[in-house]
1. Hey, does segment 115-128 have a residue that's hydroxyl-bearing (Ser, Thr, Tyr), over 30 Å from Ala75 (Cα atoms) and over 15 Å from the mean Cα position of the chain (by Cα)?
2. Given the criteria in a helix (DSSP H, G or I), exposed (fewer than 14 other Cβ atoms within 10 Å of the Cβ) and touching a residue at least 24 places away in the same chain (Cβ under 8 Å), does Phe163 qualify?
3. Condition first: charged (D, E, K, R), in a helix (DSSP H, G or I) and over 18 Å from Asp161 (Cα atoms). Now tell me which residues in segment 88-147 satisfy that.
4. Quick one: in segment 114-139, of everything that is at pLDDT 95 or above and surrounded by fewer than 14 Cβ atoms within 10 Å (Cβ to Cβ), which residue is nearest to Leu2 (Cα to Cα)?
5. Considering only segment 65-81, state which residues are over 15 Å from Trp147 (Cβ atoms), surrounded by 12 or more Cβ atoms within 10 Å (Cβ to Cβ) and either under 27 Å from the mean Cα position of the chain (by Cα) or among the acidic types (Asp, Glu) (or both).
6. Quick check on segment 93-105. Is at least one of its residues polar (S, T, N, Q), surrounded by 12 or more Cβ atoms within 10 Å (Cβ to Cβ), closer than 30 Å to Ala4 by Cα and out of contact with any helix residue (DSSP H, G or I) (no Cβ under 9 Å at 6 or more places or on another chain)?
7. Among Leu81, Leu74, Leu57, Leu10, which is the only one that is assigned to a loop (DSSP other than H, G, I, E, B) and either touching an Asp or Glu at 6+ places or on another chain (Cβ under 9 Å) or of a type in the set (A, V, I, L, M) (or both)?
8. Look at segment 1-28 and say how many of its residues are surrounded by fewer than 11 Cβ atoms within 10 Å (Cβ to Cβ) and more than 23 Å from Gly111 (Cβ to Cβ).
Amino acid sequence: MLAAIVGGFLMFIWGAVSHIVLPFERDAMKPLPNEAAVVASIGSNVDQPGMYYFPWLDYAKATTQEQDAWKQRLASGPSGLMIYRPNGGEAMSPRQLVTEFFSNVLAALLGALLLVQLGGGVARRVLSMAAIGVAAWLSISLSQWNWYGFSTSFLLGDLADQFGGWLLAGIGMSLLIKPRRVRSF
């Protein structure tokens with residue numbers, strides 16, 4: 001449990017440092033041109049919070065003709081993904097920070113459970129934990145880049161975030177969790 005808390009804390013701190021210091025975050029998102037006009041238009045048409053994808057199609061219910069028309073709209077553009085909160089929110093609320101910290105601790109707990117089973121030296125164990133970060137990045141972030149058009153800067157920043165966080169967590173946890181002894185026959 002101590003290793004999970006230490007690992008989660010290290011991931012949490014790295015997340016803050018990577019978002020503040022590394023250039024990826026600044027490069028990943030762009031200002032919205034004509035922001036006031038665009039936001040006013042969205043606000044007059046969308047009243048519920050949510051994640052919106054456009055052009056939209058309920059593929060499971062669509063006819064062949066509707067699917068073809070959607071493919072045409074998608075090909076001719078524009079298309080996008082929008083996270084919308086009509087009532088706004090805090091930039092960094094205590095609830096968000098606590099949620100982030102506990103999600104990091106829970107992830108580190110899973111890493112610690114794997115680390116308990118892993119033999120070998122500290123370097124092997126640390127790199128195994130860093131590999132968890134790369135695996136998460138490959139299965140989530142690369143898919144978001146591929147399917148939803150997330151920017152390459154976002155993709156690279158998330159790689160630095162995941163690899164660095166798990167690397168630091170791996171160092172902290174590997175120093176606390178002793179490698180298991182391999183039994184020979």
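The values are calculated or read from the model by the stated rules, or taken from the named source; none is laboratory data. Bear in mind that the values here come from a model prediction, so they are computed numbers and not experimental data. Here Cβ is always computed from backbone atoms with ideal geometry, including for glycine, and neighbour counts include all displayed protein chains. Accessible surface is based on the protein model in full, side chains and every heavy atom, while ligands, DNA and RNA are left aside. Shrake-Rupley method; radii C 1.70, N 1.55, O 1.52, S 1.80 Å.
1. yes
2. It is false that Phe163 is in a helix (DSSP H, G or I), exposed (fewer than 14 other Cβ atoms within 10 Å of the Cβ) and touching a residue at least 24 places away in the same chain (Cβ under 8 Å).
3. Correct list: Arg95, Arg124, Arg125.
4. Only one residue fits best here, namely Ala135.
5. Within segment 65-81, just Glu66 meets the criteria.
6. Yes, the conditions are met somewhere in segment 93-105.
7. Leu57
8. Result for segment 1-28: 2.
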